[in-house]
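Single-structure report; data block below.
The values are calculated or read from the model by the stated rules, or taken from the named source; none is laboratory data. Since this is a predicted model, take the numbers as computed values, not measurements. Because the Cβ atoms are built from the backbone with ideal geometry, glycine has one as well, and the counts that use them run over all protein chains shown.
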Amino acid sequence: MSEEQQRDGMNESSDNRAVLVAAGEDRKLGELARLAETLGLEVVGQLEQARRDGVGYLGKGKRQELKSFVEEVGAGLVLTDDELTASQARVLEGDAGVPVVDRTALIIRIFGEHARDAASRLEVELAELTYRLPRVKGGNRALSRLGGGGVAGGAGAGGRGATRGPGEQQLEYDRRVIRERSASIRRRLEGEKASRAVRGSRLKKGGAPTVSLVGYTNAGKTTILNALSGETRSTADRLFETLETTTRLVSGASADGVNGGSSGKSDGSAGPDFVVTDTVGFIKKLPTQLVHSFAATLEAARDADLLVICADAGGDLVGLGQELESVVGTLEEAGISTEGSLLCLNKIDLLDERERTDLDREYPEAVKISAVESVAPLAHAIREKISGGFERAKILIPHEEYAKAARLYGSAEIHAENSTVEGVWMDVTIPKQDLPKYVRYVVTG
């Protein structure tokens, strides 16, 4: 089935009833259902098989069972839990009698629906092109038969003068267009990567510790960011609602240490300010075509002073453990250590007393919150973590040694600064390992 047919299959409102199909050992039909619902599809049934068939994804007998089931429930679409080869899709579609859309195409479509900024849209387009390239088929096979063995310049068939038929020419043209567009997008994304590096360097210069929210998709990271920073970004209950990293400053000026909390000036007891970044959610069986979409997320995680691993605790413990395993595995595969990270279990308002007790027993060290009620426990835990490596001090550096003051902009958080007759007076939160270099400039009062 062509990419255009797959898109049509997902766009026809009369055919939005879908049957889910999974084969092999790693079957995730619950998650596939969430993906389908995110696009507004109605799941009307599911079919599973323990063994994955190389020809048609499902075995021949199971494909016949699928056809009967599709007719019985009145489905207009089959969604598979794995990416299919072009031939597998054709076989399965031929036997099922309705369009077949695989997991990768489904996720790419969701990314396309949710992409908001230019970089995200480019990443989605690149993913779609990468997915389409091996699936480009000669739509004019009959035409290629008419002229496929043409001879030019006296050369025999197979010689240098052999010409391609119109169908093959179109096929090669389509592939070349895809490759050229993909190369152009990659260049633009490299430019965006360089821009992110510059922006990250500027943030580091600001001195505030950086915190990255990472976790499974729909774990509530954006809701947490909103509550910490006072933002109002979209928090719809859909998978991949956030596709771009967003960075906000969380000030320690409020009494409870959360932006938008109680008013009043802080005396520093709330701890240091910090910069928090909301990132793209992870998912099992992440399509390789979408790795680019996670570049900014992985960079934010790699550069952060503290990782906060967020997870949805509103379901069962088995599913929670699997999601955490997937997140930690993805980070470690990217060479990002999770040692010293903070585990935040969100949505505990969905649990009853017994379930909360089980959660406490299984994850005693985790911070457990309901982001729609209060993130103050998380804000306090973050500040405890980042304050452990920082210390607040007031220093006075003579004008002739201003270079020492300038270095602080790359390593410390500057709360206040004033030029006096004696020198530059600064109120800073400084890494403890750097404090000995400035101890002789520390002033009291």
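Restricting G76, G94, G112 to residues that are over 27 Å from R176 (Cα atoms) and touching a helix residue (DSSP H, G or I) at 6+ places or on another chain (Cβ under 7 Å) narrows the list to G76. Kindly establish whether E339 is exposed (fewer than 13 other Cβ atoms within 10 Å of the Cβ), of a type outside the set (A, V, I, L, M, F, W, C) and in the same structural domain as T223 (by TED's automatic domain parsing). Against the criterion (exposed (fewer than 13 other Cβ atoms within 10 Å of the Cβ), of a type outside the set (A, V, I, L, M, F, W, C) and in the same structural domain as T223 (by TED's automatic domain parsing)), E339 qualifies. Selection over the range 18-36 of residues that are surrounded by fewer than 19 Cβ atoms within 10 Å (Cβ to Cβ) and either outside the structural domain of G56 (by TED's automatic domain parsing) or in contact with a Lys or Arg (Cβ under 8 Å, 6 or more places away or on another chain) (or both) gives a count of 3.
Checked against the criterion of being assigned to a loop (DSSP other than H, G, I, E, B) and either without any contact (Cβ under 8 Å) to a residue 40 or more places away in the chain or out of contact with any Lys or Arg (no Cβ under 7 Å at 6 or more places or on another chain) (or both), the candidates E339, E332, E323 yield just one match: E339. Among residues that are under 14 Å from V214 (Cβ atoms), part of a helix (DSSP H, G or I) and in contact (Cβ under 8 Å) with a residue 24 or more places away in the chain, E299 is included.
Do we find a residue being under 30 Å from K221 (Cα atoms), exposed (fewer than 14 other Cβ atoms within 10 Å of the Cβ) and modelled with pLDDT of 85 or more anywhere in the range 367-376? Yes: one or more hits. Scanning the range 85-101 turns up no residue that is part of a helix (DSSP H, G or I) and over 23 Å from G24 (Cα atoms). Condition first: within 19 Å of the chain's Cα centre (by Cα), of a type outside the set (S, T, Y), at pLDDT 85 or above and over 30 Å from G30 (Cα atoms). Can you find one or more residues in the range 190-211 that meet it? Checked the range 190-211: at least one residue is within 19 Å of the chain's Cα centre (by Cα), of a type outside the set (S, T, Y), at pLDDT 85 or above and over 30 Å from G30 (Cα atoms).
Can you confirm whether the range 41-53 contains a residue that is surrounded by fewer than 20 Cβ atoms within 10 Å (Cβ to Cβ), outside the structural domain of E323 (by TED's automatic domain parsing), out of contact with any strand residue (DSSP E or B) (no Cβ under 8 Å at 6 or more places or on another chain) and farther than 17 Å from I283 by Cα? Checked against the condition, which is being surrounded by fewer than 20 Cβ atoms within 10 Å (Cβ to Cβ), outside the structural domain of E323 (by TED's automatic domain parsing), out of contact with any strand residue (DSSP E or B) (no Cβ under 8 Å at 6 or more places or on another chain) and farther than 17 Å from I283 by Cα, the range 41-53 yields no hits at all. Once the range 328-347 is narrowed to residues that are over 18 Å from E365 (Cα atoms) and β-branched (V, I, T), the residue that is farthest from the chain's Cα centre (by Cα) is I336. Looking only at the range 431-444, residues that are touching a residue at least 12 places away in the same chain (Cβ under 8 Å) and within 14 Å of L396 (Cα to Cα) come to 7 in all.
Taking the criterion of being outside any loop (DSSP other than H, G, I, E, B) and more than 15 Å from the chain's Cα centre (by Cα), the residues of the range 308-320 that qualify are D312, L317, V318, G319, L320.
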